[in-house]
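Down below is the structure, laid out as structure tokens.
The values are calculated or read from the model by the stated rules, or taken from the named source; none is laboratory data. Since we're looking at a predicted model, the values are computed, not measured. Note: ideal-geometry Cβ built from the backbone for every residue, glycine included; neighbour counts use all protein chains shown.
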């Protein structure tokens, strides 16, 4: 018996945004771009740029705005991510950090059946 392949962060993100879209959310993900020196950079500025969450999800019908950081199995938050997520939480935003094994929890939150759970 062979082990199942580990879900990449990109595949996990695709699952989550597909689910969010089915539940009526619009979404935003800022992708890195390739520079002339063949490095990857995210074109953002400001004190929230470094560490900004992977996704912003917006659902008009119930006026929800969620900030979501997705992690691959075994992935951890970087200090800049913890700082930005903390600032967003302190401002009253709905903030989540989800790993692939939390798909059911993510579904319950997105569907509105589960209120904010600390990340």
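Odds and ends about this structure:
- Here residue 119 clears all of (1) touching a strand residue (DSSP E or B) at 6+ places or on another chain (Cβ under 6 Å); (2) assigned to a helix (DSSP H, G or I); (3) at pLDDT below 95 except the condition numbered (2).
- Being touching a residue at least 60 places away in the same chain (Cβ under 8 Å) and in contact with a helix residue (DSSP H, G or I) (Cβ under 6 Å, 6 or more places away or on another chain) holds for only one residue in 70, 48, and it is 70.
- Residue count, region 52-67 (criterion: touching a residue at least 40 places away in the same chain (Cβ under 8 Å) and under 14 Å from the mean Cα position of the chain (by Cα)): 5
- Residue list for region 82-101, filter: touching a strand residue (DSSP E or B) at 6+ places or on another chain (Cβ under 9 Å) and within 17 Å of residue 57 (Cα to Cα): 84, 85, 88, 89, 93, 94, 95, 96, 97, 98, 99
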